[in-house]
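The values are calculated or read from the model by the stated rules, or taken from the named source; none is laboratory data. As the structure is a computational prediction, the values presented were derived from the model and not from experiment. Every residue, glycine among them, receives a Cβ derived from its backbone with ideal geometry; neighbour counts consider all protein chains shown. Areas reflect the complete protein model, heavy atoms only, side chains present, ligands, DNA and RNA absent. Shrake-Rupley method; radii C 1.70, N 1.55, O 1.52, S 1.80 Å.
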Amino acid sequence: MRAISAFRRLAAIGTAVTLAAALAACGSDDKSDASGPDLGLLQAGTLRIGTLTDAPPNVYVKDGKFTGFDNDLITAVAAKLNLKPEFVGTDFSALLSQVNGGQYDLGSSSITVTEARKKTVAFSNGYDFGYLGLNTTKTSGIKSFDQLGGKRVVVVQGTVQDDYASQKDLNPVRVPNYNAALGQLKAGTADAWVSPAEIGEKMAKEQGGGTVILAAKELSDAPMAFAVAKSNDKLRDAVNKALDEVIADGTWTKLVEQYYPGRAVPVNFKPGSGSVKFTAPSSTPAAG
């Protein structure tokens, strides 16, 4: 009887050990299958995204939720990767260094790809194009970019518009965000604001108090893309693949029509890798 009892105890211990090993193996498999560790994310299963809160229609907060064309697009991309998007607001001037420094997995903020910025971060394939905007007041008399010499021009620090103003020797006044730029125009402390045109136009209509207008715009020759750390090729490649998928399934077109109704798409612009077919937005000729 003692031998039988001892055998039963050993059998029970063996079963427990086998079960524990099986559970551990399952846990290990779950971890290896999770997108987070494979993509070098800060937290498994979550895509932590640095963005802005005040730049409609591209990136902004509405009813406590981060939204806009860029953020809705990256949300769709994250869904393709089975990741939960987690947005965090920041200033544009700090965004790229924060992405490369590991504070965020990705930056989403209508970021124009430039050679200078490639020294700080890596970029996904381009998903949008943009225009430089010239915001001013109805009474300023400014109607074109070539009238900005000698004027007090405001820009958001670290943006392509900042680069433009500097290259044109306009000695711009730099502010941390778009609300501050608009505020300078409304207060009369600036004559003009070189803006991202879509953002400048929307903010002028919604927050300009009837005095701020978009007087002119010109097409930028560089695409907009999501920023990732230079060391994280796996995440960049995964985002590019998922971006092509949301272009192919019509999500990109739907968001363009939602946020930029009636905006013409340049015939030489192709979103994503450029190899995936997409439906042109309503009333817009197909690219290429």
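List every residue pair whose Cβ atoms lie under 7 Å apart, where the two residues are 6 or more positions apart in sequence or sit on different chains, the first residue falls within region 56-75 and is among the β-branched types (Val, Ile, Thr), and the second residue, located anywhere, is assigned to a loop (DSSP other than H, G, I, E, B).
Final answer for the pair search is Val59/Leu52; Val59/Gly68; Val61/Thr53.
Return the residues of region 166-177 that are buried (at least 19 other Cβ atoms within 10 Å of the Cβ) and at pLDDT 95 or above; say none if nothing qualifies.
Scanning region 166-177 gives Leu170, Pro172, Val175.
Could you list all residues from region 203-223 that are surrounded by fewer than 22 Cβ atoms within 10 Å (Cβ to Cβ) and part of a helix (DSSP H, G or I)?
Hits for region 203-223 are Lys205, Glu206, Gln207.
Pick from region 193-202 the residues that are among the hydrophobic types (A, V, I, L, M, F, W, C) and in a helix (DSSP H, G or I): which of them is surrounded by the most Cβ atoms within 10 Å (Cβ to Cβ)? So that I can check it myself, show each step before the final result.
Start the filter on region 193-202 by keeping residues that are among the hydrophobic types (A, V, I, L, M, F, W, C), which leaves 193-194, 197, 199.
Keeping just the survivors that are in a helix (DSSP H, G or I) gives 197, 199.
Working: Ala197: 22, Ile199: 28.
Filtering region 193-202 for residues that are among the hydrophobic types (A, V, I, L, M, F, W, C) and in a helix (DSSP H, G or I), the one surrounded by the most Cβ atoms within 10 Å (Cβ to Cβ) comes out as Ile199.
Can you tell me which residue among Asp54, Asp70, Asp33 is within 12 Å of the chain's Cα centre (by Cα) and either open to solvent by less than 20 Å² (accessible area, probe 1.4 Å) or modelled with pLDDT under 50 (or both)?
Working: Asp54 fails: within 12 Å of the chain's Cα centre (by Cα); Asp33 fails: within 12 Å of the chain's Cα centre (by Cα).
Answer to the check: Asp70.
Out of the residues in region 156-165 meeting the condition of being β-branched (Val, Ile, Thr) and not in a loop (DSSP other than H, G, I, E, B), tell me which one is surrounded by the fewest Cβ atoms within 10 Å (Cβ to Cβ).
Residue satisfying both the conditions and the ranking: Val160.
Would it be correct to say that Thr139 is outside any strand (DSSP E or B) and either open to solvent by less than 40 Å² (accessible area, probe 1.4 Å) or closer than 27 Å to Pro281 by Cβ (or both)? Steps first, answer last, please.
Details: outside any strand (DSSP E or B): yes; either open to solvent by less than 40 Å² (accessible area, probe 1.4 Å) or closer than 27 Å to Pro281 by Cβ (or both): no.
The answer is no for Thr139.
Among the numbered conditions (1) over 24 Å from Pro271 (Cα atoms); (2) at pLDDT 95 or above; (3) of a type outside the set (Phe, Trp, Tyr); (4) more than 18 Å from the chain's Cα centre (by Cα), tell me where Gly133 comes up short.
(1)
Out of the residues in region 224-265 that are part of a loop (DSSP other than H, G, I, E, B) and open to solvent by 50 Å² or more (accessible area, probe 1.4 Å), state the one that is modelled with the lowest pLDDT. Walk me through it before giving the result.
Just the residues of region 224-265 that are part of a loop (DSSP other than H, G, I, E, B), to begin with: 229-232, 249-250, 260-265.
Remaining after also requiring open to solvent by 50 Å² or more (accessible area, probe 1.4 Å): 230-231, 249, 261-262, 264.
Working: Lys230: 97, Ser231: 95, Asp249: 97, Pro261: 92, Gly262: 87, Ala264: 83.
Here the residue is Ala264.
How many of the residues in region 178-192 are without any contact (Cβ under 8 Å) to a residue 60 or more places away in the chain, closer than 26 Å to Arg263 by Cβ and buried (at least 24 other Cβ atoms within 10 Å of the Cβ)?
Within region 178-192, residues that are without any contact (Cβ under 8 Å) to a residue 60 or more places away in the chain, closer than 26 Å to Arg263 by Cβ and buried (at least 24 other Cβ atoms within 10 Å of the Cβ) number 4.
Hey, could you check region 77-117 for residues that are in contact (Cβ under 8 Å) with a residue 60 or more places away in the chain and of a type in the set (Val, Ile, Thr) and say which is nearest to Gly40 (Cα to Cα)?
Val99
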